[in-house]
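A.B. asks: The structure that follows is given in the form of structure tokens.
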Amino acid sequence: MTEPVHRNFIGGSWREGADARPNINPSDTTDVIGRYAQAATGDVADAIAAAAKAFETWQFSSIQDRFDALDRIGTELLARREELGRLLSREEGKTLKEGIGEVARAGSVFKFFAGECLRIPGELLASTRPGVTVEVTREPVGVVGMITPWNFPIAIPAWKIAPALCYGNTVLFKPAELVPGCAWALTEIISRAGLPPGVFNLVMGKGAVVGEALVASPAVSAISFTGSVATGQSVVAKATARGAKVQVEMGGKNPLVVLDDADLEIAANCALNGAYFSTGQRCTASSRLIVTQGVHDRFVAALKQKLEAVKVGHALEPATDIGPVVDDKQLAQDLSYLDIGRKEGAKLAFGGRRLERSTPGFYLEPALFTDSAPGMRINQEEIFGPVASVIRVRDFDEALAVANGVPFGLSAGIVTTSLKHAAAFRRRSQAGMVMVNVPTAGVDYHVPFGGRKSSSYGPREQGRYAMDFYTTVKTAYIAP
Ligand code: NAD
């Protein structure tokens with residue numbers, strides 16, 4: 001008997017799609033996690049109509065009802081973090097520890113926005129006209145379409161869905177094709193949280209079908225997208241052309257600067273964690289290690305020593321430090337950049353070999369280039385794998401110029417004991433997030449997240465700043 005298909009959730013009901021797609025474990029390609037419905041254009045249209053209908057009343061819903069729903073979802077995610085973390089690691093390939101951590105983060109995000117429901121701010125001001133009062137309030141934007149990537153299968157959806165519901169919007173959620181398991185599990189939890197039908201809808205399927213339909217529909221007031229630069233830019237062009245509100249988070253080529261005065265152990269740990277954990281598949285990964293000449297050789301030796309000890313393996317095995325690459329396409333991309341780096345004249349100082357394990361999966365040894373130059377493609381383009389390169393520089397000024405010398409500006413880190421250089425780096429870095437003596441990846445759930453330049457477009461995500469995207473401001477003048 002074939003396993004039942006995990007269905008889409010449209011207008012409060014579970015619905016088959018035009019087709020179904022298997023969800024494959026990248027640590028073991030013989031392990032099929034399940035089959036997931038692929039929405040047809042008609043399903044998307046019905047979901048949009050359901051979300052638009054639900055918005056008519058949900059926008060006026062009580063903040064207590066919103067609090068209760070978000071709090072319930074957060075509580076269940078936190079209680080089931082081990083089980084759902086396992087599902088996440090099985091479908092995406094990050095280690096079990098990272099998978100459980102991500103589910104806990106998603107739970108915390110829902111809890112945070114449950115609290116924010118009770119604190120939706122406004123302002124009351126005196127008018128320049130006698131006897132008149134001015135009231136400034138926040139109202140929901142409408143139906144919001146969310147398009148998410150595969151690398152954070154539950155945290156990114158959570159940090160879009162939770163604020164959308166908190167501020168009274170209705171939701172169309174389109175997860176990445178590679179990770180429908182977490183999306184479906186999250187939807188199943190949301191389906192029992194007491195929301196009216198149509199307030200939350202899941203439409204799984206292809207970007208070219210479901211994603212395009214959400215971006216094109218005049219009934220969708222706002223689009224929140226996270227993914228690659230190419231797709232993000234096309235989403236911005238199409239959404240802004242029809243006047244929709246849009247927020248996109250895209251790629252990164254994040255620098256970690258290591259100065260001569262750095263604590264070497266902190267520097268090597270920041271590089272190891274930031275460049276290679278989660279298989280380097282984080283938009284905030286530090287793929288460029290910019291090191292001043294006095295510490296360069298000692299830093300490379302310390303990082304290589306740490307890399308020797310790293311265990312690449314099945315994501316669910318407790319000893320694994322780094323899981324597999326997410327799929328064959330991403331693996332081919334990583335390997336092709338290893339070739340490009342060699343041809344450009346960088347030295348492959350460590351790793352970069354495909355690895356065999358007891359199960360068939362997309363295993364790649366973490367790779368470190370040295371003797372690389374800032375203008376090389378490996379230092380300008382996002383690889384999105386366990387590949388980093390070292391760029392040797394003279395001093396802080398050159399390090400800062402190299403750090404800023406890419407089209408991206410998501411996260412930037414520095415390891416130093418100098419207060420002066422840390423302060424100058426914080427101020428002059430062209431990134432949305434700056435890290436001092438901590439890895440470029442790994443952020444809190446209650447503060448803004450986002451970048452500059454080609455990394456981001458539109459208002460910030462997360463924390464109280466999420467309100468800027470998920471609400472629109474109304475100014476009322478009141479005379480007695
Ligand atoms: P992707 O752009 O291939 O896909 C992202 C989403 O867009 C998927 O759901 C996909 O189905 C959908 N999509 C594809 N074509 C579409 C179209 N024509 N119209 C609308 N939607 C479409 O990205 P990915 O490979 O899933 O994710 C990896 C990328 O995401 C990396 O570049 C990474 O840096 C980036 N990322 C950025 C952040 C951030 O916050 N800056 C966070 C995580 C990942």
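A.B. asks: Examine region 355-375 for a residue that is within 20 Å of Ala441 (Cα to Cα) and part of a helix (DSSP H, G or I), and state whether such a residue exists.
C.D. replies: Taking every residue of region 355-375 in turn, none turns out to be within 20 Å of Ala441 (Cα to Cα) and part of a helix (DSSP H, G or I).
A.B. asks: Given the conditions (1) of a type in the set (Lys, Arg); (2) touching a Ser or Thr at 6+ places or on another chain (Cβ under 8 Å); (3) within 8 Å of the ligand (Cβ to nearest atom), report the number of the one that Lys245 does not fulfil.
C.D. replies: Among (1) of a type in the set (Lys, Arg); (2) touching a Ser or Thr at 6+ places or on another chain (Cβ under 8 Å); (3) within 8 Å of the ligand (Cβ to nearest atom), the lone unmet condition for Lys245 is (3).
A.B. asks: Looking at Ala155, is it open to solvent by 30 Å² or more (accessible area, probe 1.4 Å), more than 7 Å from the ligand (Cβ to nearest atom) and at pLDDT 95 or above?
C.D. replies: no
A.B. asks: For residues that are under 20 Å from Gly251 (Cβ atoms) and surrounded by 24 or more Cβ atoms within 10 Å (Cβ to Cβ), tally how many sit in region 212-231.
C.D. replies: 5
A.B. asks: Same structure, new question: Return only the number of the condition from (1) assigned to a helix (DSSP H, G or I); (2) surrounded by 24 or more Cβ atoms within 10 Å (Cβ to Cβ); (3) out of contact with any strand residue (DSSP E or B) (no Cβ under 7 Å at 6 or more places or on another chain) that Leu303 does not satisfy.
C.D. replies: (3)
A.B. asks: How about region 436-480: which of its residues are in contact (Cβ under 8 Å) with a residue 40 or more places away in the chain, closer than 29 Å to Gly405 by Cα, open to solvent by 20 Å² or more (accessible area, probe 1.4 Å) and not in a loop (DSSP other than H, G, I, E, B)?
C.D. replies: Arg452, Lys453, Tyr457
A.B. asks: Residues being part of a strand (DSSP E or B) and either within 16 Å of the ligand (Cβ to nearest atom) or under 25 Å from Trp150 (Cα atoms) (or both): count how many of those fall in region 280-296.
C.D. replies: So the answer is 3.
A.B. asks: Does region 110-120 contain any residue that is of a type in the set (Gly, Ala, Ser) and over 23 Å from Pro163 (Cβ atoms)?
C.D. replies: no
A.B. asks: Just to be sure, is Ala208 closer than 30 Å to Arg426 by Cα, free of Cβ contacts under 8 Å to residues at least 24 places away in the same chain and open to solvent by 10 Å² or more (accessible area, probe 1.4 Å)? Outline the logic, then answer.
C.D. replies: Numbers: closer than 30 Å to Arg426 by Cα: no; free of Cβ contacts under 8 Å to residues at least 24 places away in the same chain: yes; open to solvent by 10 Å² or more (accessible area, probe 1.4 Å): yes.
So Ala208 does not fit the description; no.
A.B. asks: Of the residues that sit in region 259-279 and are open to solvent by 20 Å² or more (accessible area, probe 1.4 Å) and polar (S, T, N, Q), which one is nearest to the ligand (Cβ to nearest atom)?
C.D. replies: Applying the filter and picking the extreme gives Asn273.
A.B. asks: Would you confirm, using the coordinates I've provided, whether Gly251 is assigned to a helix (DSSP H, G or I), within 14 Å of the ligand (Cβ to nearest atom) and touching a strand residue (DSSP E or B) at 6+ places or on another chain (Cβ under 9 Å)?
C.D. replies: no
A.B. asks: Restrict the check to region 381-394 and report whether at least one residue is more than 16 Å from the ligand (Cβ to nearest atom), touching a residue at least 24 places away in the same chain (Cβ under 8 Å), open to solvent by 50 Å² or more (accessible area, probe 1.4 Å) and out of contact with any Pro (no Cβ under 8 Å at 6 or more places or on another chain).
C.D. replies: Within region 381-394, one or more residues are more than 16 Å from the ligand (Cβ to nearest atom), touching a residue at least 24 places away in the same chain (Cβ under 8 Å), open to solvent by 50 Å² or more (accessible area, probe 1.4 Å) and out of contact with any Pro (no Cβ under 8 Å at 6 or more places or on another chain).
A.B. asks: Here is a check on your reading of the model: is Gly142 touching a Leu at 6+ places or on another chain (Cβ under 9 Å) and of a type in the set (Gly, Ala, Ser)?
C.D. replies: The answer is no for Gly142.
A.B. asks: For Ala176, indicate whether it is among the aliphatic types (A, V, I, L, M), more than 7 Å from the ligand (Cβ to nearest atom) and under 30 Å from Val406 (Cα atoms). Explain how you work it out, then say what you get.
C.D. replies: Working: among the aliphatic types (A, V, I, L, M): yes; more than 7 Å from the ligand (Cβ to nearest atom): no; under 30 Å from Val406 (Cα atoms): yes.
In short, no.
A.B. asks: Same structure again: Scan region 407-426 residue by residue and report those that are crowded, with 24+ Cβ neighbours inside 10 Å and among the aliphatic types (A, V, I, L, M).
C.D. replies: Leu410, Ala412, Ile414, Val415
A.B. asks: Only strands (runs of 3 or more DSSP E) wholly contained in region 110-198 count here; list those with 2 or more residues that are in contact with an Asp or Glu (Cβ under 8 Å, 6 or more places away or on another chain).
C.D. replies: Ranges flagged: 123-126, 133-140.
A.B. asks: Out of Arg298, Arg342, Arg282, which single residue is surrounded by fewer than 19 Cβ atoms within 10 Å (Cβ to Cβ) and either within 26 Å of Gly93 (Cβ to Cβ) or among the small types (Gly, Ala, Ser) (or both)?
C.D. replies: Going through Arg298, Arg342, Arg282 in turn, the sole match is Arg342.
A.B. asks: Can you tell me which residues in region 431-480 are in contact with a Phe, Trp or Tyr (Cβ under 9 Å, 6 or more places away or on another chain) and on the phi > 0 side of the Ramachandran plot?
C.D. replies: Selection gives Gly442, Gly450, Lys453, Gly458, Gln462, Gly463.
A.B. asks: What is the one condition in (1) open to solvent by less than 10 Å² (accessible area, probe 1.4 Å); (2) within 15 Å of the ligand (Cβ to nearest atom) that Ile189 does not satisfy?
C.D. replies: (2)
The values are calculated or read from the model by the stated rules, or taken from the named source; none is laboratory data. Because the structure is predicted, anything quoted here is derived from the model rather than measured. Counting neighbours? That spans all protein chains shown, and the Cβs are built from the backbone with ideal geometry, glycine included. Accessible surface is based on the protein model in full, side chains and every heavy atom, while ligands, DNA and RNA are left aside. Shrake-Rupley method; radii C 1.70, N 1.55, O 1.52, S 1.80 Å.
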